[in-house]
Amino acid sequence: MDFLQTLKIALRALRTNKMRSFLTMLGIIIGIAAVIAMMAVGSGARHVISQQIASIGSNIILVLPGSTTSGGLRTGSGGAQTLTSDDAKAIVNECPSVETAAPTTRSTALAVYGNMNWSTVVMGTTPELLAIREWGVAAGRSIEQQDVDGAAKVCLLGQTVAENLFGSDDPVGKIIRIKKVPFTVIGILDRKGQSPQGQDQDDSIFVPLRTAQRNLVRTQRPNMVGAIMVKAKSEDLLGKAEEEIKALLDQRHRITNSKDPDYSTRNLSEILAVAEQSSKAMSLLLGAVASISLIVGGIGIMNIMLVSVTERTREIGIRMAIGARRNDILLQFRAPHHDRRHYRYNPRRGRRYSCFQSALLADAHLGRVGIDRLLLLGSHRHFFRFLSRQKSSFPQPDRCTPLRVGRPHVQR
């Protein structure tokens, strides 16, 4: 039987047994859809994490204050004031693998414009910070070095702050108050979106570092900073730059025990690697869970195929006896349940037979007919021994009375 004929029979079977075909396919459809959906969720999570970390900037090392002991009590990491603006300058000048560095301060304050107010994060920094974070200006201008040197009361607004204070109005040139100190808005930053920690990066205000130190942040010394953001010259030099920074700060802070420094460093590339590993593990877990439904669907199809073959063992024997090959039978059962009434056997033998068109097989629906020995297809090789049931049965429209293929019986 050729492939086209087998395909026609399979399609006819799908139309004839719609419910069985639908239920057979449903398990596999749900399983495959679940696997694809779960893998897509994992891939999307990795993409979002990568975008969020990339929004911070590339080749970045973050230097944070460490912990110190005061009055017998040890402060937590980042809670002490141990870094200064001079440390940032020394990092740029004495670390060959470092491209630039920006000291920063951070505080939370209420910004007021007219009858509108908004609580936000206020960052004191230098012009290098926006270059390190690759953060552009959407309107107006950026903070310049002369603003830092002169402690100018100017500020840059993030998109979220601008929308909440000014709505659709242009804020450039307007005056807002931060902790009751007037600041002139000189520009609006481009939209950045969320950080890897889930914080809105656009909900922030940037002011010159020296202005923040004098008016907005309380420090033990005038030049204390909350963190230093460093950019290495290339991604390959990140590790070397981090080692140079540690050696320099150990020397400047007179640290003899390198296991207990008063600062800490964080490599954002390492953070990205950890985040990607976590997302991959999540993808594998989701894929494994989704694969269970796919396996269950496959077991369902196996059961259907097993039932289809088991209940038609005698029919398979008849088909093979009158010319069907093993491959023909295999192709027939790849369909969930093919049409048994229209099976046409090997056309190359020159004859077409159907179990309900053949008078021979029609005789099998009689009651107790005993044992008949018949020669089929005019060939001396094919003999059938028809065994009737114990009890007469009315012919079914889609299957023959059970037949057994027996050995040829030659009358002597």
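The values are calculated or read from the model by the stated rules, or taken from the named source; none is laboratory data. Please read all numbers here as calculations on a predicted model, not as lab measurements. Cβ placement follows ideal geometry from the backbone for every residue including glycine, while neighbour counts extend to all protein chains displayed.
Brief remarks on what is shown
- Among the candidates Ile36, Ile49, Ile91, Ile53, residue that is in a helix (DSSP H, G or I) and modelled with pLDDT of 90 or more: Ile91
- The residues listed here are Glu243, Glu270; of these, the one that is assigned by TED's automatic domain parsing to the domain that holds Thr126, over 23 Å from Val154 (Cα atoms), of a type in the set (Asp, Glu) and not in a strand (DSSP E or B) is Glu243.
Residues checked against (1) without any contact (Cβ under 8 Å) to a residue 12 or more places away in the chain; (2) over 26 Å from Ala241 (Cα atoms); (3) buried (at least 16 other Cβ atoms within 10 Å of the Cβ):
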| site | (1), (2), (3) |
| --- | --- |
| Trp118 | no, yes, yes |
| Trp135 | no, no, yes |
| Leu165 | no, yes, yes |
| Gly173 | no, yes, no |
| Arg177 | no, yes, no |
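- Some residue of segment 324-346 being at pLDDT 80 or above, more than 20 Å from Asn17 (Cα to Cα) and of a type in the set (A, V, I, L, M, F, W, C): no
- Failed condition for Ile255, given (1) assigned to a helix (DSSP H, G or I); (2) aliphatic (A, V, I, L, M); (3) under 30 Å from Pro96 (Cβ atoms): (1)
- Of residues in segment 12-33 being part of a helix (DSSP H, G or I), more than 37 Å from the chain's Cα centre (by Cα) and surrounded by 13 or more Cβ atoms within 10 Å (Cβ to Cβ), the one modelled with the lowest pLDDT: Ala13
Condition check ((1) in contact with a Leu (Cβ under 7 Å, 6 or more places away or on another chain); (2) of a type in the set (Phe, Trp, Tyr); (3) over 20 Å from Trp135 (Cβ atoms)) across all residues:
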residue: Lys180; (1), (2), (3): no, no, yes
residue: Val185; (1), (2), (3): yes, no, no
residue: Leu189; (1), (2), (3): yes, no, no
residue: Ser195; (1), (2), (3): no, no, no
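- Which listed residue is in the same structural domain as Pro222 (by TED's automatic domain parsing), in contact with a Phe, Trp or Tyr (Cβ under 7 Å, 6 or more places away or on another chain) and either not hydrophobic (A, V, I, L, M, F, W, C) or not in a helix (DSSP H, G or I) (or both), from Ile143, Ile186: Ile143
- Condition met for Gly323 (of a type in the set (Gly, Ala, Ser) and surrounded by fewer than 17 Cβ atoms within 10 Å (Cβ to Cβ)): no
- Within segment 218-238, the set of residues being farther than 17 Å from Arg133 by Cβ, of a type outside the set (Val, Ile, Thr) and surrounded by 15 or more Cβ atoms within 10 Å (Cβ to Cβ) comprises Asn223, Met224, Leu237.
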